[in-house]
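Nothing in this text is a laboratory measurement; each read-out follows from the coordinates by a stated rule. Since the structure is predicted, the reported quantities are computational estimates derived from the model, not experimental observations. With ideal geometry, Cβ positions are generated from the backbone for all residues, glycine too; neighbour counts draw on all protein chains shown.
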Amino acid sequence: MIEEYADHWALITGASSGIGAEFARRFAALGMHLVLTARREQPMRELAEQLHTQHGTKCEIVPCDLSESQGAAKLEQAVSAKGLTIELLVNNAGFGIVGEAQQTDREHVMRMLQVNMASLTDLTYRYLPGMMERGHGAVINVSSVAAFQPVAYMGAYAATKSYVLHFTEALWAEARDHGVTVLAVCPGTTRTDFFESAGVGGWLKKRRSQSSEQVVKNTLKALEKKRQYVVSGWKNYILSLLVRLASRKTAVMESRKYFRPSPKKKDE
Ligand SMILES: NC(=O)c1ccc[n+]([C@@H]2O[C@H](COP(=O)([O-])OP(=O)(O)OC[C@H]3O[C@@H](n4cnc5c(N)ncnc54)[C@H](OP(=O)(O)O)[C@@H]3O)[C@@H](O)[C@H]2O)c1
């Protein structure tokens with residue numbers, strides 16, 4: 001089924017690194033053409049050159065800041081101006097904020113809500129209706145295992161991912177009779193720049209983690225099966241189930257132990 005997308009265009013947000021760049025590599029290998037977007041242009045240019053050399057992929061690069069309220073609109077305009085029809089949208093751009101409430105930068109949090117939720121929603125509603133009319137296409141929204149519970153010290157981030165999961169599952173139910181799949185991906189800890197960006201680079205060493213390749217492979221398997229969500233990795237899946245069995249108080253108190261960013265912790 002994924003082969004049907006060969007020669008069609010995918011739009012990938014957050015394509016300058018990590019999971020987004022890996023989606024680009026996988027789609028290019030499948031014969032798709034790509035619109036890559038993020039703020040940093042240079043890594044996308046290098047990726048596009050590589051993919052063109054390896055697979056003959058046509059790549060368009062549209063630098064865009066999705067923390068701006070008009071980011072999604074500007075992006076859609078730029079894509080339309082190139083005359084491209086998007087058959088596969090990957091809303092992957094996102095970042096996390098970790099820290100105690102007293103030290104949290106409110107403006108930074110508001111920008112995160114814009115990127116992780118508002119721009120993702122905006123782009124979904126800009127592209128999904130066209131796919132439903134054509135009876136073909138897919139939207140992949142990147143959520144997280146953090147979507148399944150409240151997480152102390154990263155409360156706003158985890159809540160954005162719960163939003164993405166619920167929003168996506170609801171649209172999956174609406175779109176499935178129109179030949180369109182809407183899929184939420186819930187990665188666990190994944191070896192990308194995410195933790196450095198969130199100011200907790202050391203966390204990666206202490207946690208079981210997956211590669212971006214594993215996350216994208218699991219995503220494409222779930223897309224084939226037209227599932228509404230996928231947790232990447234069976235250990236992460238079990239954890240997501242355990243959280244649902246525990247009381248809400250237990251779940252959030254456990255998160256307080258694991259996610260406290262304090263440098264005074266013994267094992268830091
Ligand atoms: N790594 C993990 O453990 C993990 C776990 C669960 C979920 N996730 C989710 O996976 C997705 C991808 O993250 P990643 O792990 O691959 O981390 P990453 O390597 O830091 O990638 C984040 C991507 O988002 C883009 N981005 C950030 N702010 C943006 C903005 N204002 N406008 C446009 N693009 C922006 C970044 O590009 P620029 O900086 O160039 O703009 C980058 O391409 C995120 O949604 C994240 O929440 C990650």
task = Just check the chain against the gyration tensor rule for me: Cα atoms, a ≥ b ≥ c as the square roots of the eigenvalues, rounded for a/c under 1.5, and otherwise prolate or oblate depending on whether a/b exceeds b/c.
result = prolate
task = Pop a pseudo-label 7 angstrom from the Cα along the beta-carbon direction at both Lys205 and Gln50 and give the gap in nm to one decimal.
result = 2.6
³J(HN,Hα), Karplus 6.51/-1.76/1.60, whole Hz, each residue of the range 63-69, x for Gly, Pro = x, 7, 9, 7, 8, 8, 5
request  = Work out from phi, with θ = phi - 60° and the Karplus expression 6.51 cos²θ - 1.76 cosθ + 1.60, the ³J(HN,Hα) of each residue of the range 162-179, listed in order in whole Hz, and give x for Gly and Pro.
outcome  = 5, 4, 4, 5, 5, 4, 5, 4, 4, 5, 4, 5, 6, 8, 4, 6, 9, x
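What size of dipole, in debye to the nearest 20, comes out for the chain about its Cα centre when the only charges are +1 on Lys and Arg C-beta atoms and -1 on Asp and Glu C-beta atoms?
Rounded to the nearest 20 debye, it is 1320 debye.
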inquiry  = With θ taken as phi - 60° and the coefficients 6.51, -1.76 and 1.60, list the Karplus ³J(HN,Hα) couplings across the range 196-203 in order, rounded to whole Hz; mark glycine and proline as x.
reply    = 4, 4, 7, x, 10, x, x, 4
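Tell me, what is the FRET efficiency for Lys226 and Ala101 to the nearest 0.05, using R0 = 30 angstrom and their Cβ-Cβ distance as r?
Details: r = 40 Å, r/R0 = 1.34.
Calculated transfer efficiency: 0.15.
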ask   = With each label point set 7 Å from Cα along the Cα-Cβ vector, what nm distance links Lys58 and Glu254?
value = 4.9
inquiry  = Rounded to whole Å, give me the distance from the Cα center of the range 187-265 to that of the range 9-71.
reply    = 24
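Please label the shape of the range 1-112 as rounded, prolate or oblate, based on the square roots a ≥ b ≥ c of the eigenvalues of the alpha-carbon gyration tensor (a/c under 1.5 means rounded; beyond that, a/b larger than b/c means prolate, else oblate).
prolate
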R0 of 25 Å, Cβ-Cβ distance His166-Arg40: FRET efficiency to nearest 0.05 = 0.25
task = Within 10 Å of each residue's Cβ, count the other Cβ atoms and sort Ser212, Ser69, Ser119, Ser247 from fewest upward.
result = Ser247, Ser69, Ser212, Ser119
query = What does the charge add up to near Pro129, with Lys and Arg as +1, Asp and Glu as -1, over the other residues with Cβ less than 13 Å from its Cβ?
reply = -2
remark   = So, with points 7 Å from each Cα along the Cβ direction, the Glu4-Lys82 label distance in nm works out to 2.4
key: the chain: angle of helix 41-55 to the longest principal axis, Cα-based, in degrees nearest 10   = 50
remark   = So Ala173 and Met110, fully extended at 0.36 nm per residue minus their Cα-Cα distance, gain in nm 19.7 nm
